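These notes concern the structure reproduced below.
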Amino acid sequence: MARRSRRKLLVDGSRSGVDQFKARVMQQQGYNVNPERPNEVKYEVARELGVPLQQGDNGHLTTEMAGHVGGRIGGSMVREMIRMAQEQLSRQP
């Protein structure tokens, strides 16, 4: 049985914005992302890293393997958010 993420965004209704941001960031990283299904980029990232991630049950994956995939995606998003915040702060008088 596939588990659903238990993480909930703090702002109701922000899921589509976060998904669009993920798609844009991962496209900038050179990944082929379907904007309608940005979460599927994890399979491309996993292939690149040699992690045998597949749809459905991935109980055979170690925490380390799953972390490599999520870290690549989340890390890219955090770096982009920091860059955007620094850019915005540099424009303030």
Query - Filtered residues of the stretch 1-40 (kept if over 19 Å from ARG83 (Cβ atoms) and either of a type in the set (Gly, Ala, Ser) or modelled with pLDDT of 95 or more (or both)) - result: ALA2, SER5, GLY13, SER14, SER16
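For every residue, the table says whether it meets (1) of a type outside the set (Val, Ile, Thr); (2) in contact with a helix residue (DSSP H, G or I) (Cβ under 9 Å, 6 or more places away or on another chain); (3) touching a residue at least 24 places away in the same chain (Cβ under 8 Å).
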position: VAL41; (1), (2), (3): no, yes, yes
position: LEU49; (1), (2), (3): yes, yes, no
position: GLY67; (1), (2), (3): yes, no, no
position: GLY71; (1), (2), (3): yes, no, no
Query raised in the report: For the stretch 43-86, how many residues are touching a Leu at 6+ places or on another chain (Cβ under 8 Å) and exposed (fewer than 10 other Cβ atoms within 10 Å of the Cβ)?
Result: 0
Report task. Specify the residue that is farthest from ALA46 (Cα to Cα); the eligible residues are those in the stretch 12-35 that are assigned to a helix (DSSP H, G or I) and among the β-branched types (Val, Ile, Thr). Result -> VAL18
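The values are calculated or read from the model by the stated rules, or taken from the named source; none is laboratory data. Everything numeric here is computed off the predicted structure, so don't read it as measured data. Glycine also receives a Cβ, built like all others from the backbone with ideal geometry; neighbour counts cover every protein chain displayed.
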